[in-house]
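The values are calculated or read from the model by the stated rules, or taken from the named source; none is laboratory data. Bear in mind the structure is a predicted one, so any value in this text is a computation, not a measurement. Glycine also receives a Cβ, built like all others from the backbone with ideal geometry; neighbour counts cover every protein chain displayed. Note: areas computed on protein heavy atoms with side chains; ligands, DNA, RNA excluded. Shrake-Rupley method; radii C 1.70, N 1.55, O 1.52, S 1.80 Å.
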Number of protein chains: 2
Amino acid sequence: MDANPILAEVVRGNWVENRHRGAFIVVDADGGVIAAAGDVERPVFPRSAIKSMQALAIFDRHASERFHHTQEELALACASHHGEDAHVAGVSQLLARLGLSERDLECGAHMPTNAKARAALRARGAEPSPLHNNCSGKHSGMLSVALAMGVPTAGYVEREHDVQRAVRAAVEAVIGEELREDRCGTDGCSIPTWAAPLRAFARGFARMATGQGLDRTHAAGAAALFDAATSHPHLVAGTGHIDTLVMEAFEGRVMQKGGAEGVQCGAIRDKGWGYALKCDDGNMAASQAMVAALLLAHAGPDARQRAVLEQFARQPLKNVRGTVVGEMRAIST
Amino acid sequence: MDANPILAEVVRGNWVENRHRGAFIVVDADGGVIAAAGDVERPVFPRSAIKSMQALAIFDRHASERFHHTQEELALACASHHGEDAHVAGVSQLLARLGLSERDLECGAHMPTNAKARAALRARGAEPSPLHNNCSGKHSGMLSVALAMGVPTAGYVEREHDVQRAVRAAVEAVIGEELREDRCGTDGCSIPTWAAPLRAFARGFARMATGQGLDRTHAAGAAALFDAATSHPHLVAGTGHIDTLVMEAFEGRVMQKGGAEGVQCGAIRDKGWGYALKCDDGNMAASQAMVAALLLAHAGPDARQRAVLEQFARQPLKNVRGTVVGEMRAIST
C-alpha cells in the first residue's frame, strides 16, 4: 500500500515538526473526477461528516410530514453542535414536540464544545446533559423517525434497530454502494458508522447537491437539508468553527461538514460537485487546513471567502505565553 | 523522501480508522544499532523528551554545588509534571531557596495536566500560575544556573541568554553534534528547541546511561539525574502517566521521558542502551503505544513490567457513554 501524500505540515521556527498525510476527491454527480490525491478507494469511517445523509431517513420515513421539522431543527439534525444556548434550545424544542425529553437520547453526555457554554455550566455547578452532546440534534431527528415508523424509541442507536436500518438504507441509496458488515464500527454517540471509499461519499454529496441519481424523496430531502444547513450555519457547528464560518461566507454555495478523526465532506452546490477528505492520522486541525486548501482551489472563493479559508489553510501555532512560534499549513498537491 | 513505516493504528469496530507513522532507534553508547525503523537521520524537535540532557547545565555551571539540589528537585528539573501538590511544592521549595518566586518563571501559566488538580484549582476559583506549568521544575533549575553563573535571571528563556547557551552546550556535548540555527524553534515554555536526528538523541541517552564518551562532570551529572528521575517517577510526570508507571515498574532500569508532539526518549540503563522515537504526526497516544512496543521488545520486561507496557501498547478506545469501541495499538516492525 503506497503512502498517501503529505497534505499538511506543522512548522515550528524554521523546521517542520509534524507531517499529516491524507487523501481527498472532488467529483461531480456522474462520478467525474475534478481533483483527487491519495487513495480514495480505501474505505474510511465518515463519522459526523455525513450527518446530512443520515438525516434523509427523516424524509424517507415521513417523519417530516408528521412532525413538520423546522429549518432550524433540520440544521441541528445535520450538526455537530457546540452546546451553546441556541443549540440546546433547538433540540429541546423538537424533543418537546415529539413528546420526548433528553432522557430518551442515547448519545451520552459530554461537556459543551463551546468554551463559554462550558464555563457557564461549571459556574452553575451543573453537569452536562445529553442535550449538550454535539450529536443531540441528529439523535432527536432519529427519535422522530422512530415515532413516525411506529417502533419503540428505546435502543434506536443499535445497529439492528429499525431506525438505524432506515439510516443505513438512506446512506446506501445516496452513495450508490452497500455498506458492509465487515467495515463497521460504533461512533462516539453510539450509533453505527460504516467505512466506505472517499470517492463514494464525495459522489453522494454531489448527488445531494444536484438531486441527480436520487429518487424524488431523497432529492427533495437533500435540498431541504442543504438549505437548512447553509441557512443556519451556526446551528450546524458553533461560534468560530470552520463549518459555520465557511457556510456563512459562501451564503448557500457551499455545504461543509467535519467529522471526527480528520474527515471533511461537503458540496460546492452551484457547481454540482461533492468532496470528501480524510487525514490519515485523524488530526482535526490538519484536516481543516486540507479542506480549506481544497475549497480555495475548487470553490471559486471571492476575497471575503478566501480570507475565511486562509485562516484555516495556515493556522498560527502559539506557545503557552501566546507567542506565535510556528504554523499548521496545508500543502498543495 | 520515503514515508516512515506505520508504527501504530487505531481500529474502530472491525476496520482501521487512523494510521500513525514514525521512526525509532535503539543504540548503544558507541552508536551500535540494536533496532531501528524509519528515517532516524531526519532532524526532529526533541521537545521535553531531553529535559534530563538540558538539566546537565546545572552541573556544568556549578549550580548543584552552590544550591545543593535535592534528588526531588533534580527529578523535577527533568519533568513534565502534572501540577499536582507534590510538584508545585517541590518547585516552590527550590525557588524559595534560590531567593526567587514564581514571578521569576518565564514559562507562562497553564492549567494543571492532572484532572484532580485542575478541579481543585477551579473549586478555589483560582487561576493557574507558572508553578502549574509542566515545565516549572526545568525552569527553576535554569534559574539556579543563572544565579550560579552570576548573570541576570531576566530573559533566561531567550536563545542568546547565557543560560540557554549553557543548556545548548550541554546537549551538544552529550549528543556529540552541533545544534544548528537553521533547525531551531521555540518550545511551548518559550525556551529554544533544536531539531537533530533521532540517532543522535538516542546515542546521547546511551552515553548518559553509561557515562561513556562524556567528561567527568557530565557523567556524574547524568548519573545523578537518571537516579533522581528513576527514584522519583511521580515527580517526572504524574499520576497514571506512562513515564511514571514505566519508571516505577522498572525500578531504576529504565529512564523514560515523553516530549510534546509524539517524541519519546530514554535509556535502558542496565543494557547501556539509549532510544529515541517520534510519531510523524505528533500524536501523543500513538507515540506512547510505539514506545511501549519498543520497551516490550528491548527492555527485557518481567511479567509486571510487561503488564504496564501492554496497557499502552494497546489502549482501549471508548465512546461518550464509556463503551469500548476499538483500540489504539502498536504495530511491530
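Assorted remarks:
- Each Lys or Arg adds one and each Asp or Glu takes one away; over the other residues whose Cβ falls under 15 Å from the Cβ of B:GLU73, this sums to +1.
- Electrostatic tally near A:ALA96: other residues with Cβ closer than 12 Å to its Cβ, Lys and Arg +1, Asp and Glu -1, net -2.
- Peptides B:278-287, A:82-91, A:144-153, B:303-312, ordered by how many other C-beta atoms sit within 10 Å of their residues on average, highest first, read B:278-287, A:82-91, A:144-153, B:303-312.
- The overall shape of segment B:6-330 is oblate: from the C-alpha gyration tensor, with semi-axes ordered a ≥ b ≥ c, the ratio a/c is 1.5 or greater and a/b is no larger than b/c.
- Label-point spacing for A:ALA223 across the identical copies (point 7 Å from Cα in the Cβ direction), in nm and ascending order: 8.2.
- Cα-based reach from B:LYS51 at 28 Å (exclusive), listing lysines while leaving out same-chain residues under 8 positions away: A:LYS318, B:LYS116, B:LYS138, B:LYS257, B:LYS271, B:LYS278
- Measuring nothing but how far apart in sequence close Cα pairs (under 8 Å, 6+ apart) lie, relative to its length, segment A:181-333 scores a relative contact order of 17 percent.
- This model, with +1 at the C-beta of Lys and Arg and -1 at the C-beta of Asp and Glu, gives segment A:6-330 a dipole about its Cα centre of some 720 debye.
- Highest-fluctuation residue, A:VAL263, A:VAL174, A:VAL16 considered, GNM on chain A with Cα pairs under 10 Å: A:VAL16
- Net charge contributed by nearby residues that have their C-beta within less than 14 Å of A:ALA166 (K/R +1, D/E -1): 0
- Label distances, nm, A:LYS318 versus same residue in remaining copies, Cβ-directed 7 Å point: 3.1
- For chain A, the list of Cys residues with no other Cys C-beta under 4.7 Å reads A:CYS78, A:CYS184, A:CYS265, A:CYS279.
- Looking at segment B:1-119, the pairs of alpha carbons with a distance over 22 Å make up 57% of the total.
- Pairwise centroid distance, computed over Cα atoms, of segment B:263-303 with segment A:101-151, Å: 40 Å
- Gyration tensor verdict on segment A:191-333 (Cα atoms; rounded if a/c is under 1.5, prolate if a/b is larger than b/c, oblate otherwise): prolate
- Helical contribution to [θ] at 222 nm, DSSP H n ≥ 4, -39,500 (n - 2.57), averaged over the protein assembly as shown, rounded to 500: -12000 deg cm²/dmol
- Computed over the protein assembly as shown, the quotient of the alpha carbon radius of gyration and 2.2 N^0.38 Å is 1.02.
- Gaussian network model of chain A, springs between alpha carbon atoms under 10 Å - residue of A:ALA120, A:ALA209, A:ALA29 with greatest fluctuation: A:ALA120
- In the context of the full set of protein chains, residues of the protein assembly as shown present 35 Å² of accessible surface per residue (probe radius 1.4 Å, heavy atoms only).
- Solvent-accessible surface ranking, highest first, for B:HIS139, A:HIS69 at 1.4 angstrom: A:HIS69, B:HIS139
- Of all accessible heavy-atom area on chain A, the percent that carbon and sulfur account for (1.4 Å): 49 percent
- The overall shape of segment A:223-276, judged from the alpha-carbon gyration tensor, is oblate: a/c is not under 1.5, and a/b is no greater than b/c.
- Under 5 Å between amide hydrogens, built in the peptide plane, is the criterion, and for B:LYS318 it picks out B:VAL325 among residues at least 5 positions away or on other chains.
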